[in-house]
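Visitor: Dumping the structure here so I can ask a few things about it.
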Amino acid sequence: AVMQRFLGPLLCLWALRLPAGTGAAARGLDVASYRERVRAMFYHAYEHYLESAFPYDELRPLTCDGQDTWGSFSLTLIDALDTLLILGNVSEFQRVVNVLQEGVDFDIDVNASVFETNIRVVGGLLSAHLLSRKAGVEVEAGWPCSGPLLRMAEEAARKLLPAFQTPTGMPYGTVNLLHGVNPGETPVTCTAGIGTFIVEFATLSHLTGDPVFEDVARKALKALWKNRSDIGLVGNHIDVITAKWVAQDAGIGAGVDSYFEYLVKGAILLQDKELMSMFLEYNKAIKNYTKFDDWYLWVQMYKGTVSMPVFQSLEAYWPGLQSLIGDVDNAMRTFLNYYTVWKQFGGLPEFYNIPQGYTVDKREGYPLRPELIESAMYLYRATRDPTLLELGRDAVESIEKISKVDCGFATIKDLRDHRLDNRMESFFLAETVKYLYLLFDPDNFIHNDGSDFDVVVTPYGECVLNAGGYIFNTEAHPIDPAALHCCRKRKEEQWEVEDLMREFYSRKKTKKFTLKRAPDHGEGENAKEPEDASSEKAGEKRNSKKRSHSLLSCPSQSFNSKLAVLGQVFLDNT
C-alpha cells in the first residue's frame, strides 16, 4: 500500500525499459571500460579544481587557477556534490557537505543570475539534501523536512524572491544578493529565465511548508502562457514589466529551452495535468511551425516564417524530453540528426547552419555541454539501442583527445581547429560527466525501478524515499519525487491529526495510537485547466492509457522547399 501510494505516479518514468545488457554486446562496446574512463575523467577535473581553484566558482584549466563566475559560491563544489554519490564516493560527499555548511555565505554584495543561481545552487543543494541519508550523512530529526542543506537552499532561494516582484510576476534576470534588484536593472529577461523555477521552488515549498516559492514559480509560468502568440509560440526575450516581446524568435533552443523542459518535468514531479496540457499545446505549435525533416528551426513567433535555419547545441535536450512523454520514435530520428553533427566535428558547435551543413561564424565552440549525452541517456533507458552507447563512446574519446589538459578539461573554443579556451564550466561535472556515467552504468541507484526503497518516519508519518523515478533539474541535479509527499499533509489529514491530539490530551495519560495514512494525493485540489488549452487533454486521468493527440501538420515537401516557401531563407543550389 505504501508503495502504491507514493510510487504509482512515477511508473511513466520506468516505461519501455528493456532487459539490461541488450544491444551493447551486439556491437562489442565494453560498457564497464567506458564507465571507468568516465570516472577517471571526473576525478581528473574534480581534483584539479580542489587543488588549483577552490574556493572560486570554476577552474581555469590552462592556467591552473580559479575564477568566480556566477556569484562566488564555490559553485563547482555544489554542482559536483550529487555526482560524487552517483559515482559511489560517500566519504567525499560527507566531507563536502561539511565544507559547504562552513564556507558558503549568501549574504554577499554580488549581482547574481536568478536563473543560474536557482538551477546550480538551489537545485544542487536540494538534491544533496535529499540524497544525504543515502550517502551516510547523519541527518537531523525531522529530515527530509529539515536539515542544514535544505536551510541553505531556502536561504539562497529567498535571495532570489525580490526578482519576482514585478507587475507581471515574471522575474528580472539579475538580483543583488544583499540589496535586491538594482535600480536601473534591465527588465528584459529570456523566456527560460522566467520559466525555469517550478522544479526547485515547488520542491522547496513542499519540504519547508512555505508556499511562496511554488506560488511565484507558477505565476511566472502562467504569465508566459498568457503572452504566447495567436499561433501558440513564445519568443526569446520579454519585458517583465510590460509583457512586450523584445526578441520574437521562437524555437526550442537557447533562451527558451528549459521553459519547455520544466513544463514536462514539473508535470511529472507534481502530477500536474495543467502543466502537461500547456506543454502539449506548445508541442503542437512547435511541430507545426518549427519542425522540418526532424530538425527544429527558429521562426517568427507571430507569423511562423523561418528566421534562422540553424541547429543550436542547446537544442539537443529535446529528444530526451520527447522520450519523457513517450514520443520515442520522433526522439530517435531527431537524435540521429544531431549525432551526425557530432560525428562531423567531434562535438556540437554552438550554432550549426543546417542548409550549409557547417558551423556559424563566431559560434564554432563546444564548452563540453551535456545535452546530446543527456538525450542519449534517456533514450537508452527506453530503447537499449546500441547507437546511443556509441554516442557515449564518441563523447569520451573526443573530450579526452581534444579537451583534456594537465589541470582538467578545457572548453573547446573552435571545433574546426581544436583551439581551447581557459574555462571549465561547473556543468561539466554536474551534467556532462554524470549523464555519461549513467549511460554506462545501468545498475546505478538512479535507475532504480522501484524494487528497492527506504521507508522513513517523519513528523507526518511514514515516507517512501529512494525508490527511483528521479527528476533531473536542468543542471542534472536529481530530485526524488516521493520526497514531496513527506512534509505536507492535506486538510483532511490535518483535521484528523488535530482530532487525535485532542482525544490524546483529553485522556490525560500517554497512550499509543496509530495515525491512519492520508488519502492518495492523486490529482491535487488546485489543478486548473490552462487558459485556451484543450479541455479534453487537461481532463484526462493520470492513469489513463496512452492515446493519440491531434497534431497540426505541415505539407509534405522537401526540406529546402519548405524553407523557401515559408521564408525565402536560402536557395537550393544542389
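The values are calculated or read from the model by the stated rules, or taken from the named source; none is laboratory data. Values in this document were obtained by computation on a predicted structure and should not be read as measured data. Here the Cβ is made from the backbone with ideal geometry for all residues, glycine too, and neighbour counts use every protein chain on show. What goes into the accessible areas is simple: the full protein's heavy atoms, side chains included, and nothing from ligands, DNA or RNA. Shrake-Rupley method; radii C 1.70, N 1.55, O 1.52, S 1.80 Å.
Visitor: Could you please tell me which pairs satisfy a Cβ distance under 9 Å, a separation of 6+ or placement on different chains, a first residue in region 456-469 that is on the phi < 0 side of the Ramachandran plot, and a second residue that is of a type in the set (Lys, Arg) and at pLDDT 95 or above?
Guide: So the pair list comes out as Val456/Arg133; Leu465/Arg133; Leu465/Lys134.
Visitor: Name the residue, out of Gly142, Gly136, Gly124, that is open to solvent by less than 40 Å² (accessible area, probe 1.4 Å), out of contact with any Gly (no Cβ under 6 Å at 6 or more places or on another chain), in a loop (DSSP other than H, G, I, E, B) and over 23 Å from Ile241 (Cα atoms).
Guide: Gly142
Visitor: Report yes if some residue within region 262-284 is touching a residue at least 40 places away in the same chain (Cβ under 8 Å), over 30 Å from Ile479 (Cα atoms) and surrounded by fewer than 23 Cβ atoms within 10 Å (Cβ to Cβ); otherwise report no.
Guide: Taking every residue of region 262-284 in turn, none turns out to be touching a residue at least 40 places away in the same chain (Cβ under 8 Å), over 30 Å from Ile479 (Cα atoms) and surrounded by fewer than 23 Cβ atoms within 10 Å (Cβ to Cβ).
Visitor: Let me ask something else about it. Of the residues in region 359-380, how many are of a type in the set (Val, Ile, Thr) and either part of a helix (DSSP H, G or I) or open to solvent by 30 Å² or more (accessible area, probe 1.4 Å) (or both)? Break it down into steps so the answer makes sense when it comes.
Guide: At the first step, the residues of region 359-380 found to be of a type in the set (Val, Ile, Thr) are 359-360, 373.
Filter again for either part of a helix (DSSP H, G or I) or open to solvent by 30 Å² or more (accessible area, probe 1.4 Å) (or both), leaving 360, 373.
Result for region 359-380: 2.
Visitor: Which of the residues that make up region 79-112 are touching a residue at least 60 places away in the same chain (Cβ under 8 Å) and not in a loop (DSSP other than H, G, I, E, B)?
Guide: Result: Asp79, Ala80, Asp82, Thr83, Ile86, Asn111, Ala112.
Visitor: Moving on to the next point. Restricting to region 413-439, give me the number of residues that are closer than 30 Å to Leu125 by Cβ, open to solvent by less than 40 Å² (accessible area, probe 1.4 Å) and in contact with a strand residue (DSSP E or B) (Cβ under 8 Å, 6 or more places away or on another chain).
Guide: Within region 413-439, residues that are closer than 30 Å to Leu125 by Cβ, open to solvent by less than 40 Å² (accessible area, probe 1.4 Å) and in contact with a strand residue (DSSP E or B) (Cβ under 8 Å, 6 or more places away or on another chain) number 5.
Visitor: Then there's this: What number of residues in region 322-336 are open to solvent by 10 Å² or more (accessible area, probe 1.4 Å), under 28 Å from Ser277 (Cβ atoms) and touching a residue at least 24 places away in the same chain (Cβ under 8 Å)?
Guide: Within region 322-336, residues that are open to solvent by 10 Å² or more (accessible area, probe 1.4 Å), under 28 Å from Ser277 (Cβ atoms) and touching a residue at least 24 places away in the same chain (Cβ under 8 Å) number 8.
One line per residue, one yes/no per condition, for (1) surrounded by fewer than 23 Cβ atoms within 10 Å (Cβ to Cβ); (2) closer than 24 Å to Asp79 by Cβ; (3) charged (D, E, K, R):
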residue: Val110; (1), (2), (3): yes, yes, no
residue: Phe115; (1), (2), (3): no, yes, no
residue: Ser132; (1), (2), (3): no, yes, no
residue: Arg151; (1), (2), (3): yes, yes, yes
residue: Ala156; (1), (2), (3): no, yes, no
residue: Ala163; (1), (2), (3): no, yes, no
residue: Leu178; (1), (2), (3): yes, yes, no
residue: Cys190; (1), (2), (3): yes, yes, no
residue: Ile194; (1), (2), (3): no, yes, no
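Visitor: Continuing with the same structure: Tell me, please, whether a residue that is under 21 Å from Asp421 (Cβ atoms) and either open to solvent by less than 20 Å² (accessible area, probe 1.4 Å) or out of contact with any Cys (no Cβ under 7 Å at 6 or more places or on another chain) (or both) can be found in region 381-391.
Guide: Taking every residue of region 381-391 in turn, none turns out to be under 21 Å from Asp421 (Cβ atoms) and either open to solvent by less than 20 Å² (accessible area, probe 1.4 Å) or out of contact with any Cys (no Cβ under 7 Å at 6 or more places or on another chain) (or both).
Visitor: Enumerate the pairs (first residue in region 417-433 and over 24 Å from Thr117 (Cβ atoms); second residue anywhere and part of a loop (DSSP other than H, G, I, E, B) and open to solvent by less than 10 Å² (accessible area, probe 1.4 Å)) with beta-carbon separation below 8 Å, excluding pairs fewer than 6 apart on the same chain, so at least 6 apart or on different chains.
Guide: Sorted first by the residue in region 417-433, then by its partner, the pairs are Leu420/Ala410.
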